[in-house]
Amino acid sequence: MSLKRCLRRMFSGASRVAWVLAALAVMVLPVSCSQSSDSYNPLIKEYNKNFTVVADDAAQFSVNDAGFNEVDMLRDLYNVSNRAATTLTIIGPRDGIAYTWQVLKSDGTALVLNNVNLSSQTFSAYLPEVPAIEVGVYYTLTLAVRNSAGRVFSDSGRLYIENE
């Protein structure tokens with residue numbers, strides 16, 4: 001069979017439709033696959049919000065703002081469920097050059113929190129990995145922030161993990 005006859009047969013009638021569909025599939029498949037992964041993001045965020053407590057009240061403020069008030073850095077009470085996969089995230093004010101977080105027992109002694117960064121703008125604790133924070137006990141959470149002028153701002157709030 002000659003090449004001319006082979007090409008004519010390949011691009012005639014039903015074969016032509018099959019080739020066009022195959023070409024479209026090759027072009028559309030990569031695009032649809034890349035877009036489908038983005039469609040999971042809202043689903044994942046919706047799922048995660050059930051297990052993540054985020055307090056970003058202070059993140060809207062800068063320690064360099066003229067009207068900055070240090071008593072607005074932390075809430076009076078953070079009441080958190082002890083679900084198996086709860087993450088507590090608290091974001092301090094912006095533009096500090098040093099941050100110090102502490103979790104204190106009722107007698108004033110600081111807890112040792114090995115899995116928590118206590119020197120960044122964000123306090124984030126994945127509660128199953130922080131056995132020092134017990135369910136049903138009130139703690140005092142403190143934050144001290146130093147700005148570029150060397151002024152230190154501090155605030156405290158209570159932290160309570162409820163048994164759910």
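The values are calculated or read from the model by the stated rules, or taken from the named source; none is laboratory data. These figures come from a predicted structure and were not determined experimentally. Glycine gets a Cβ as well: all are built from the backbone with ideal geometry, and neighbour counts include every protein chain shown. Calculation scope for accessible area: heavy atoms of the full protein, side chains included, ligands and nucleic acids excluded. Shrake-Rupley method; radii C 1.70, N 1.55, O 1.52, S 1.80 Å.
Please work out which residue is farthest from A144 (Cα to Cα), limiting yourself to segment 81-120 and to residues that are in contact with a helix residue (DSSP H, G or I) (Cβ under 8 Å, 6 or more places away or on another chain) and among the polar types (S, T, N, Q).
N82
From the list A55, A84, A125, A110, exactly one residue is modelled with pLDDT under 85 and open to solvent by less than 60 Å² (accessible area, probe 1.4 Å). Which is it?
The match here is A55.
Where in segment 84-164 are there strands (runs of 3 or more DSSP E), lying wholly inside it, with at least 1 residues that are more than 20 Å from the chain's Cα centre (by Cα) and not charged (D, E, K, R)?
98-104, 138-146, 152-162
When you scan segment 58-81, how many residues do you find that are open to solvent by 80 Å² or more (accessible area, probe 1.4 Å), touching an Asp or Glu at 6+ places or on another chain (Cβ under 9 Å) and not charged (D, E, K, R)?
Qualifying residue count, segment 58-81: 3.
Look through V130, V116 and report the one residue that is in contact with a strand residue (DSSP E or B) (Cβ under 8 Å, 6 or more places away or on another chain) and surrounded by 13 or more Cβ atoms within 10 Å (Cβ to Cβ).
Matching residue, one of V130, V116: V116.
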